[in-house]
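Beneath this line is the structure, given in structure tokens, with notes to follow.
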């Protein structure tokens, strides 16, 4: 069989098969440094870089960046009672819900342990609240069989918005949202908390952005 040659006849040029192999290896390495292996979501390193980019976009364009932080409720109990394999199943189930209920431009990340952070580009807080409430309902509606039991998962959500003119670092923004997660847990879990003074109108009102884009399903 005749071996494929470089079209430019360069003696040291990789053959097409070698180029394809290098491309696959490069893509695999990219995923290793940006994707959480268990959930398939973006990882902590990618989160920090992506959020910095979106906050910079807000500073340049004036378009807000929404942020949702999620902490699965009673996750330690799931691990203790049903084992870490079932705990991993719970994390994968939650991640699957995030993937299928977000826009293509949204950025769901695993923050660590049972915590997730979702970056919502070009999203005001009232729309981010709608998204968080929808994710909360979708998660609570799912049942998971663990050993001989059927359980439901719930989570505590914190929501905030980075606006033009604010002076915040990535870490400070995440910390501010995390405070609302803690508030949700203190108030009884399975709820969404946010700064009510930052919402211009009731979160129950469906906005044009919600109708037009936030219900677009993200491909698995």
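Among the numbered criteria (1) more than 29 Å from residue 137 (Cα to Cα); (2) at pLDDT below 95; (3) assigned to a helix (DSSP H, G or I), which one does residue 1 miss?
It is condition (3) that residue 1 fails.
I'm trying to understand the selection: among the residues of region 95-144, which are closer than 16 Å to residue 65 by Cβ, assigned to a loop (DSSP other than H, G, I, E, B) and in contact with a strand residue (DSSP E or B) (Cβ under 7 Å, 6 or more places away or on another chain)?
Within region 95-144, 102, 106, 121, 123, 124 qualify.
Given the criteria farther than 15 Å from residue 66 by Cα and either in a helix (DSSP H, G or I) or at pLDDT 95 or above (or both), does residue 189 qualify?
Judged against the criteria, residue 189 is a match.
Checking residue 51 against (1) in contact with a helix residue (DSSP H, G or I) (Cβ under 9 Å, 6 or more places away or on another chain); (2) surrounded by fewer than 18 Cβ atoms within 10 Å (Cβ to Cβ); (3) assigned to a helix (DSSP H, G or I): exactly one of these is not met. Which one?
(2)
Going through region 111-124 one residue at a time, which ones are buried (at least 22 other Cβ atoms within 10 Å of the Cβ) and either farther than 15 Å from residue 181 by Cβ or without any contact (Cβ under 8 Å) to a residue 60 or more places away in the chain (or both)?
Hits for region 111-124 are 118, 119, 120, 123.
Here is a list of conditions, (1) under 22 Å from residue 54 (Cα atoms); (2) at pLDDT 95 or above; (3) in a helix (DSSP H, G or I), and residue 183 meets all of them except one; can you say which number that is?
Unmet for residue 183, out of (1) under 22 Å from residue 54 (Cα atoms); (2) at pLDDT 95 or above; (3) in a helix (DSSP H, G or I): (1).
Considering only residues that are assigned to a helix (DSSP H, G or I) and in contact with a strand residue (DSSP E or B) (Cβ under 7 Å, 6 or more places away or on another chain), which ones fall in region 66-86?
Selection gives 82, 86.
The values are calculated or read from the model by the stated rules, or taken from the named source; none is laboratory data. It should be emphasised that the depicted structure is a prediction, and the values quoted were computed from it without experimental measurement. Glycine gets a Cβ as well: all are built from the backbone with ideal geometry, and neighbour counts include every protein chain shown.
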